[in-house]
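So the structure is just underneath, and the comments pick up after that.
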Amino acid sequence: MFKVVLIDDEPIIIEGLKKILDWSALGFEIVAVAYDGVDGVSKLLEINPEVALIDIRIPGIDGLSLIQKVKEKNLSTKIVILSGYSEFEYAQKAVELGVEGYLLKPVDKNLLEEKLKIIKQKLEEEFEVTQIISSTKKLTKEKAIEKLIFGALSNSEIDYINKFFELQLPWKKYQVAIVQLLEENLSCCEISQKVLYVKEKVDGFLEKNMCGFSVIINNNICILFKDFYYPFNGRSINILKDTLMKHTGGQIIISIGSEVENYSEIPKSFREANELLKKRFLLGYRGLIFTKEVFFQRDTGEGSFDNKRFASDLAVAIELGNFAKINEILEIKANNLIEKDVSEGEAKSDFYNFFVEVLYKLSQNEEYKKVVEGYLSQEVFRNLFLQKTLTELKGLVKYYFVMISERIRKLYSEDFKDKIEEFLKKNYFRDIKLEALAESFGYNTSYFSKLFKKTFGENFSSYVEKVRIEKAKEFLKSGEKVSEVARKVGYEDIDYFCSRFRRYMGCSPKEYKAGNKNEEKN
């Protein structure tokens, strides 16, 4: 309720004013009355009411003098003059002194009610401004920027803060970026100190380019860019990112929401930047993620990744030292995880399982077991799970595979013929295609085929088949079953195996086995 004081030397007027309206319904309360100017001044100074109705002609101190005293004391009381027709010019002078207006006696109920409604609206607006001023004085510039980012300010508050802090709003463009530290093994105190250190670098950049403000929110540095946005100003923002990475040893990620054209949309850009931080593991390539560069394609089945098949291909590439193929398969694996939009934990587990699957494929060769076992340690496991981004994880896995490949290559002869012979002796049972082998050795298929025939004196398929038959003879001599031997040397169809064996040996596997037994008896 707004307080009202009535000042008139006629009690009947005072009583009439009390009863003419339902004051409380209008939001007012009559808290005091005075019947002369001296008492009136005393009441106004004591109560400091929001509204006073004053008779222009009162004993003691006349209305104009009373108004003058109120002004001298800087009271904010809204004054309405009550006057008769003969005092019209006198009342006009009072209006010039800054009163809200005047009403003729006898007072018209409707006119009084209308005047009070206008005064009430002014009082409410002034109250709001007063509250804004009071709260703004308590705000720091950073706190004001934080409220702007969160969308926690009304338009009138923004207008006042804009003037108070000289923000020069409105801007043409607004964009929110969030700088997050990736270091996790620091104490709360160390993190706070590091955040403040990084913020100093950010503020230096913003001041130099006159392009915005920064504030710390939840130990992240939030930047509100002013007419400076990514990717239009991408080069400069990348310089900022590189500077921060240099000062933190690469332990930061910057997520950037979309640029917006109205300050009411700033929270949208902030929400986008926050959401991107949840995907920092998958998308945090080289320390920066931008919302408009993120396009997720949910797995439709066409882009599914067969761990076992790719693990076999990768094992062959590692054996042959085909680093391009190693990188290609790991890229496919990483992209598949991004397409499926998996969590950080899921991505790490999936990649680790694939890593183990490849090592398992390699370990099937007895000569590689010791090499492989060294990469199934707790230290390797921990290193994989400590990686901050998918790019880093992929890079570490590639590093391990290249190291394994280098160690395996030392087991091979450097001579082309020896390398091929040794590879086929170890992998004769696999479904090896000429094209795949040529690619693994870094040749095109046509050239590799000619080189192979020149080196071995026969074509690739014939040579592989001869190696398989020779191995089959060894297994048959040891007494193994024909069906078991066929499978071990890479033939799923026993009849086909028997026909190929007969072609090379002139007898069936069963006859060869029986003949071998007879020789042993003799």
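Since every read-out is calculated from the coordinates, none of them should be taken as a lab result. Quick caveat, the model's predicted, so the values are computed rather than measured. All Cβ positions, glycine included, derive from the backbone under ideal geometry; neighbour counts span all protein chains shown.
Between Glu406 and Lys369, the simple spin-label model (points 7 angstrom out along Cα→Cβ) gives 2.6 nm.
Both radii come from the Cα set of segment 307-409: Rg as radius of gyration, Rh as Kirkwood radius; their ratio Rg/Rh reads 0.94.
Around the Cα centre of segment 141-293, unit charges on the Cβ atoms of Lys, Arg, Asp and Glu (plus for the first two, minus for the last two) sum to a dipole of about 300 debye.
Counting 0.36 nm for each residue step from Asp306 to Met210 and taking away their Cα separation leaves a gain of 29.4 nm. With respect to the chain, whose longest principal axis is taken over its alpha-carbon atoms, helix 109-138 is tilted by about 50°.
Principal axis analysis of the Cα atoms in segment 141-293 yields extents of 44, 34, 28 Å, listed in decreasing size. With a simple spin-label model that places each label point 7 Å from the Cα along the Cα-to-Cβ direction, the separation between Ser446 and Lys71 comes to 10.3 nm.
Compute the whole-percent fraction of alpha carbon pairs in segment 416-521 spaced more than 18 Å apart.
Tail fraction, whole percent: 50.
Amide H contacts of Leu103 (H built 1.01 Å from N, in plane; Pro and chain starts excluded): Ile81, Leu82, Ser83 sit under 5 Å, all sequence-distant by 5 or more or on other chains.
Here the spin labels are modelled as points 7 Å beyond Cα on the Cα-Cβ line, and at Glu126 and Gln168 they lie 3.5 nm apart. What is the helix-to-structure angle for 445-456, meaning the angle in degrees between its Cα long axis and the longest Cα principal axis of the chain, kept from 0 to 90 and rounded to the nearest 10? Helix 445-456 sits at roughly 30 degrees to that axis. Ordered by the number of other Cβ atoms lying within 10 Å of each residue's own Cβ, fewest first, Cys498, Cys188, Cys222, Cys211 fall into the sequence Cys188, Cys498, Cys211, Cys222. Counting other Cβ atoms within 10 Å as a rough exposure proxy, the listed residues Asp8, Asp306 run Asp306, Asp8 from fewest neighbours to most. Annotation: segment 2-132 has a Kirkwood hydrodynamic radius of 14.7 angstrom, from the mean reciprocal C-alpha pair distance.
Put in line by how crowded their Cβ is, counting other Cβ atoms within 10 Å and starting with the fewest, Phe165, Phe448 read Phe165, Phe448. In the set (i) 49, 30, 21; (ii) 94, 22, 18; (iii) 39, 30, 21, the label that goes with semi-axes √(5λ) of the Cα gyration tensor in Å computed for this structure is (ii).
For the chain, which span is the longest to avoid every loop-located (per DSSP) member of GluC sites (Glu not before Pro) having at most 11 other Cβ atoms inside 10 Å?
1-165
Restricting to DSSP H runs of at least four residues, report the calculated mean residue ellipticity at 222 nm for the chain, -39500 (n - 2.57) per run over all residues, nearest 500 deg cm²/dmol.
That comes out to -19000 deg cm²/dmol.
Percent of Cα pairs in segment 182-232 per distance bin of 5 Å, from zero to the largest separation: 5, 19, 26, 21, 13, 9, 6, 1.
Taking the longest Cα principal axis of the chain as reference, the axis of helix 307-320 is set at about 60 degrees.
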